[in-house]
Each structure stands twice: as structure tokens, then as C-alpha cells.
Amino acid sequence: MPLGLFRKRKVPEVPGAPLITKEVLLKSKPVRNPELEWQRYPSGEVAIFVKREVKGITKLVARAAKVEPRKKILLDKVGSFVWDLCDGEHTVEDIIRELMRKYKLHRREAEASLLLYLQMLSKRALIGFILPARKGGQPSAPEEAHG
């Protein structure tokens, strides 16, 4: 799996132009960044640990203050449920259906909430997307799947 898939990068914004179509996004498969550490608590919630980038004087201050070199992101139960399904096997469409079933949501609610949540995870480089194969059997380039 290409590590560039999880790089934080600035994407030029074209007003009103989606990076990928909604149809392609719904068929794509979210996948967790393999470089991240995470753990599940007995409560079912997931904690994700992200390395902090500290440079210059901040690095000295952090070392002196014994600041943890990583940041913890705690997901709630719904976020943890979605995190589990971001395994590269389930499509966004599958996750929407699972949210509808488990939490008794209407399609619109589940879809809108999930797409916003996946966008946030993607911007933080916590997940990437495996795009469906293009017509003709050629797989889509993962680099294009920045949500």
C-alpha cells in the first residue's frame, strides 16, 4: 500500500468542483493509516495516537516539560464503529448501510454524517481511500482519493 496515500497535502481548491464524484466516493473503500497506533478500550471506544511534530525551541520546551511526543484522539462509540469499518474491505456505501441499520438512521442522515466524518479523518491523514477500478479494469490512483 503506497504510503503517499496518507500524506497531508494541500489540494488546490476549485470552487464547486469535487475531487471525485459522489458515485466514485460511495464505491471507494476507506482504509486506516497503517503508520498510526490505536487501541480499543473496554468501553468500545477507540483511541488513535498521532506523533506530534515538534521543531526548534518548541522541541526543547516539550522535552523539558516532559510532554508526550504523541497526541491522543479519542473517538466516541459511533466514530469507533466507523473506524472499525475503515478496513479497506467495506465501501463507503457499506458503512452507510451499517450506520442506518445499527443506529436506525435515515439514509440522508447516515450519508451526510459519514461523508463529513470521513472528510475530517482524511484531512488529518488518519485514513485514505482505495478507489474502485476504472472502466477497462485499471485501478484508480489512490493519490486522487483525497476527500
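Remarks
- If you go through region 108-147 and keep only what is modelled with pLDDT of 95 or more, farther than 20 Å from residue 48 by Cβ, hydrophobic (A, V, I, L, M, F, W, C) and surrounded by fewer than 19 Cβ atoms within 10 Å (Cβ to Cβ), you end up with just 112.
- Odd one out for residue 103 among (1) buried (at least 16 other Cβ atoms within 10 Å of the Cβ); (2) aromatic (Phe, Trp, Tyr); (3) more than 14 Å from the chain's Cα centre (by Cα): (1)
- Subset of region 27-51 that is within 13 Å of residue 129 (Cα to Cα) and in contact (Cβ under 8 Å) with a residue 40 or more places away in the chain - its residue that is farthest from the chain's Cα centre (by Cα): 27
- Counted as qualifying within region 13-77 are the strands (runs of 3 or more DSSP E) with 2 or more residues that are at pLDDT 70 or above, over 23 Å from residue 93 (Cβ atoms) and charged (D, E, K, R), namely 37-40, 70-75.
- Filter pass, residue 98 being modelled with pLDDT of 95 or more, under 21 Å from residue 19 (Cβ atoms), among the acidic types (Asp, Glu) and in a helix (DSSP H, G or I): no
The values are calculated or read from the model by the stated rules, or taken from the named source; none is laboratory data. The structure displayed is predicted, hence computed values, not measured ones. Neighbour counts are summed over all protein chains in view; Cβ atoms, including those assigned to glycine, are modelled from backbone coordinates with ideal geometry.
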